[in-house]
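Contents: one structure, followed by commentary.
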Amino acid sequence: MPFIQESKQLIHSMVHFIHYDDFEPSVYFDLLTPEEQERFFSFSSEHRKREFVATRYLRHQLFGFSHIHYDPQGAPFIKDEGYISISHTEGIVGIAFNKDFRIGLDIEMKSEKAQRVRNKFLSEEELILFDNTDRDLITTAWSAKETLYKIAGRNKIDFKTELHLQPIKDAVFKGSISTKGIRSSTEIHTFVEDSYVYTINESALSIDDTV
């Protein structure tokens with residue numbers, strides 16, 4: 001069995017993960033729905049096929065053959081189950097689940113990539129707030145903005161000017177989304193384990209009193 005599965009209970013959400021190495025994706029073909037089997041053959045990359053199958057393997061462990069649907073903004077959901085969010089990076093897939101409010105899960109592998117492009121996604125204020133020499137912190141900030149993007153409900157959004165982060169306490173940010181004169185916010189929790197950074201919103205988006 002190439003998959004190692006684990007779960008993490010947060011305050012309001014449950015997050016399930018599987019870790020995997022290289023495996024033959026066709027072995028798990030029977031765990032795909034007919035629509036997923038058709039989509040499987042559209043991928044030319046073996047890496048993408050493994051990632052796709054690993055995600056559906058985890059889905060099957062949690063929800064059986066329930067199909068993963070996507071709304072017009074690309075957010076995944078499973079009918080009659082609640083809100084889910086899916087994230088994956090090298091060697092790991094995560095599915096977060098919450099019955100009460102829309103969630104965004106993001107997983108990033110620790111690297112210097114976010115540091116190199118920090119001026120593209122951090123505002124001038126955020127560049128002062130965050131220690132730019134701290135690789136893991138900047139990766140976490142990038143991941144937190146990915147979480148905000150997933151719950152923003154828009155395909156096109158400027159990470160630098162429309163998504164905002166403010167540290168609240170250790171490993172917790174206030175994340176805000178500014179669009180069309182409306183500012184909404186949520187609480188984003190973060191944790192770091194092994195080579196990965198994880199971020200997820202632990203409250204529903206709410207409209208701020210002031211914009």
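None of the figures in this text is laboratory data; all of them are computed from the coordinates on show. Bear in mind the structure is a predicted one, so any value in this text is a computation, not a measurement. Virtual Cβ from ideal backbone geometry, glycine too; neighbours counted across all protein chains shown.
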Practice task
Tell me which residues come under 5 Å, amide H to amide H, from residue 202 once H is placed; ignore anything under 5 positions away on its chain.
Solution key: 187, 188, 189
Handout entry: Rough spin-label spacing in nm, given labels placed 7 Å along Cα→Cβ, for residue 23 and residue 79
Key = 2.8
Practice task
Please list, in chain and number order, the residues 5+ apart from residue 110 or on another chain whose amide H is under 5 Å from its amide H, with Hs placed from the backbone.
Solution key: 196, 197
Problem - Taking the range 40-122 and dividing mean pair separation by its residue count, relative contact order in percent (alpha carbons under 8 Å, at least six apart) - result: 18
Practice task
Take every Cα-Cα distance within the range 106-207, group them into 5 Å bins from 0 onward, and report for each bin the whole-number percent of pairs it holds.
Solution key: 2, 14, 26, 27, 20, 8, 2, 0
Fill in the blank from the handout: Placing each pseudo-label 7 Å from Cα in the direction of the beta carbon, residue 124 and residue 69 end up separated by a distance in nanometres of 4.6
Completion exercise
Matching label for the computed volume of the Cα convex hull per residue in Å³, out of (i) 110; (ii) 135; (iii) 123, is (ii)
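If I take every Cα pair under 8 Å that is 6 or more residues apart in the range 1-56, average their sequence separation and divide by the length, what percent do I get for the relative contact order? Write out the running numbers ahead of the final one.
On the way: 43 pairs, mean separation 16.6, N = 56.
Relative contact order comes out at 30 percent.
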Fill in the blank from the handout: Computed ³J(HN,Hα) along the range 123-131: with the Karplus parameters 6.51/-1.76/1.60, θ = phi - 60°, integer Hz and x for glycine or proline, the list is 6, 4, 5, 5, 5, 7, 5, 9, 6
Problem - Cα gyration tensor shape of the range 13-70, rounded if a/c is under 1.5, else prolate or oblate by comparing a/b with b/c - result: oblate
Handout entry: Inter-probe distance in nm under a simple model that places probes 7 Å from Cα toward Cβ, at residue 14 and residue 33
Key = 2.0
